[in-house]
Amino acid sequence: MSGGRRHGALVAERARIVAQVKQILVERVHLDVPPEAIDPDAPLFGTGLGLDSVDAIELVISAEQAFGIAIPQSKVKQSLRTLNTFVDLILSYERQKSRA
Amino acid sequence: MTVTLRIGDREIVAERTGLREEVTALRRSAILTDLSHMAVVRVAGPDAYDALDPIVAADLHIRDGRVRHTLFLAPNGAPIADVYLCNDDGDFLLVAEGMASGALVEHVRAHAPTNARDFACEDLSTTHRILSVDGPFAWEVVAAALGSELAGLPYLSFCRVAGAHTCIRAGKTGEYGYHLIAREELAADLEGRLLEVGRRMDLVQAGIATSWHAAVENGLFNIHRHAVEGATPVELQLQWRVSHKKKYLGSDVVVERQRAPRERLTWLIGEAPLAAFAEVRFEGERVGRVIEALDSVTLGAPVACAMLDIEVAHSGLSGFEIGETRARSASAPLVDNLSMYVNPGRHSFATRAEIEFPGFVRGT
């Protein structure tokens, strides 16, 4: 695949997952922010998007269902920093699945 | 080997003992920094809320004792002040960077509605100092110096301590942080007390460059370095700091940019040192420019934040070129923070070896 097409495919792959996680944040976690106003690198907790521990559980469970993956507890703290870090984790699982 | 720099009309300590030692202490124990360059203004009176509401970019409904981290914007949507807004029993305490206290007072007065003039602004920066304690064991230092209840102070809240100081739990380093606002005549004693008790937590005195270094490592906004001309909270990934429901000074531009963003601040990790302000290319085409670059002490790698065209402003892309150097985009924060794994109810500096910490490199 040429560099340009590969870049396009990577961006599209990531954009799809970002859009799905934003949908989970709005529809399942009930984040009162329009999707276009969710910065990919905004902190999820505390300041930032202001999620709490209950929201974290809903986010993880909903993502597991939406993407057909199982996220171990050991990965949660490191991956749930921002939307982007959570998408990084989901992407890594999706790529593992596609290689299997 | 103290290094200083000028912010406004103040000479500020940038480094005290050396950046590497100070950043290492920030990430592993705690640092003490004088942040007295920050503006501190109290807005009080029956119309304080109505006077501030048009210029505060976030929802001004804050509970007493709580803090909102927000921005003041110019009419063109550009951030002009990075503001901690504290509700102090109906008065508002503003602790800000990017504007001097005098300019902050003038800004409030200039934009107060004509029917909201019954308020007073008091500039506290001339009579107070701000000492900040930051780090994974900063809570232990302030608790030992000023009272154990501070270990439980929630993030973005504040309280009075020792009958004299205001302690705001906040920070811009990714670690536990406490801004202590002390009257000038009491500040030296407070500083001495913090240094004395902090010795057993390996507290290090640091300069402002340490916090700025940490901000890049953690993907945090630094108004002194990242307020790019023409950039609004949309491009700067600061939409979480502004309301999407209310109108405020600059909101029209923010709403317009949200419809079709053209560029975005993105974090890069380089294979070799990266040059600040350099052009960024991707697949042979110019796609943006570096805003700030440094050699990350915590990561042990060159990192940068760059304003990139929206088509490539995504994490996880390789092949960026900055001069002769290649770089890849990465998700912020670029480092993992020990503070995320420290629980003041269970841990201490003395028993830190027992903390299950996966390491500073997040593996992106």
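The values are calculated or read from the model by the stated rules, or taken from the named source; none is laboratory data. Computed from a predicted structure; not experimentally measured. Note: ideal-geometry Cβ built from the backbone for every residue, glycine included; neighbour counts use all protein chains shown. The accessibility values were calculated without ligands, DNA or RNA, using every heavy atom of the protein model including side chains. Shrake-Rupley method; radii C 1.70, N 1.55, O 1.52, S 1.80 Å.
Taking all pairs of distinct Cα atoms, average 1/r, flip it, and tell me the Kirkwood hydrodynamic radius of chain A in Å to one decimal place.
Values: mean 1/r = 0.0711 Å⁻¹.
The Cα-based Kirkwood calculation yields 14.1 Å.
Can you give me the pair-distance distribution of the range B:204-257, C-alpha pairs, 10 Å bins, whole percents?
20, 44, 24, 11, 2
So if I take the alpha carbon set of the protein assembly as shown, get Rg, then get Rh from the Kirkwood formula, what is the Rg over Rh ratio?
Details: Rg = 21.9 Å, Rh = 22.9 Å.
Ratio of gyration radius to Kirkwood radius for the protein assembly as shown: 0.95.
Rolling a 1.4 angstrom probe over the protein heavy atoms, how many square angstrom per residue are accessible across chain B? List each step's numbers first, then the result.
Numbers: 14460 Å² over 364 residues.
With the other protein chains kept in place, chain B gives 40 Å² per residue.
Could you state the orientation-averaged shadow area of the convex hull built on the Cα atoms of the range B:104-215, in nm² to one decimal?
On the way: hull surface 34.4 nm².
Mean projected area for the range B:104-215: 8.6 nm², to one decimal.
P(r) for chain B, please, calculated from all Cα pair distances in 10 Å bins and given in %.
Taking every Cα pair in chain B, the percentages come to 5, 23, 32, 26, 12, 2, 0.
On the accessible surface of chain B, probed at 1.4 Å, how many percent belong to carbon and sulfur atoms?
48 percent
Could you state, as a whole-number percent, how many of the C-alpha pairs of the range B:56-166 are farther apart than 26 Å?
Working: 1533 of 6105 pairs.
Here the long-distance tail beyond 26 Å is 25 percent of all Cα pairs in the range B:56-166.
Provide a whole-number value for the mean count of partner chain Cβ atoms within 10 Å of the Cβ atoms in peptide A:35-46.
If you average over the peptide's residues, the count of other-chain Cβ atoms is 6.
If you take the accessible area of A alone plus B alone and subtract the pair, what total do you get in square angstrom, rounded to 100, with a 1.4 Å probe? Please report the intermediate quantities before stating the final value.
Details: alone 6160 and 15640 Å², together 19350 Å².
Approximately 2500 Å² gets buried when A meets B.
Just how much of B:D50 is accessible, in Å², when a 1.4 Å probe is used and the result is rounded to the nearest 10?
Accessible surface of B:D50 is approximately 80 Å².
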